[in-house]
Amino acid sequence: MEEEKAHIRAKAIIEVLGKPKEHVEKAIRAYVEKIKTDGGFVILKEAYADAEEKSALWSTFVELDMVAGSITELIGFCFDYMPSSIDIIKPEYFTISSRELNAVMNDLQAKLHNVDMVAKNRAAETDFLKRNLKTMTENTIALILAYKNCSLDEISSILKIEREELVPIVDGMEKNDKVKKEGEKYSLHGKQGKD
């Protein structure tokens, strides 16, 4: 059976979030220009929204009126450009061959495997960075306490790290006998620092 090649008219909304405002406005237009150079679909009309500030970031979107050459190309557009919504205007009904559906499903599986691999790599990198940052912070606290006994507020002031973020680190150091607390001051375990 021959692959279905009916043209598909659709509207897609693509959003961009970031800062500053000028970058967000420039980025969405550059993204649309990139989409226009891709094969398989034609952009008939584009309507840009004004950028709005949302929680210290800027958000904008574009609504694209487009025609895709086939359902496979429309699904490929969704995979590649990740619109926040897609609305198929016509045709109302589709006939799809098993070959075309297989191609779509295999593309979907490949993309999902790729996303899974990227997510696992990012999680491993994040864990590595967190462990090393914690070790560096502990070492810096130890250096501070080797010179002088300090309160948590003093350590926070020296490191420029919020007190609440230091609490679990210093508590862990105390639990592992790296530091000891006497009153409000911390010192290296087994060392008498200067007050």
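Just so you know, all these numbers are worked out from the coordinates, no wet-lab data involved. Predicted model only: the values in this text are computed from it and were never measured. Cβ sites come from the backbone with ideal geometry, for glycine too, and all protein chains shown count toward neighbours.
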The condition from (1) out of contact with any His (no Cβ under 9 Å at 6 or more places or on another chain); (2) within 22 Å of His7 (Cα to Cα) that Glu52 misses is numbered (2)
Of all residues in the stretch 114-156, count the ones that are under 26 Å from Ser187 (Cβ atoms) and either out of contact with any helix residue (DSSP H, G or I) (no Cβ under 9 Å at 6 or more places or on another chain) or acidic (Asp, Glu) (or both).
14
Long-range neighbours under 6 Å by Cβ, at least six apart or interchain, first residue over 24 Å from Ala68 (Cβ atoms) within the stretch 10-32, second part of a helix (DSSP H, G or I):
Gly18/Val24
Could you check, for the stretch 173-185, whether at least one of its residues is in contact with a helix residue (DSSP H, G or I) (Cβ under 7 Å, 6 or more places away or on another chain) and assigned to a helix (DSSP H, G or I)?
yes
Checked the stretch 164-180 for anything surrounded by 15 or more Cβ atoms within 10 Å (Cβ to Cβ) and out of contact with any Phe, Trp or Tyr (no Cβ under 9 Å at 6 or more places or on another chain); matches are Leu166, Ile169, Lys178
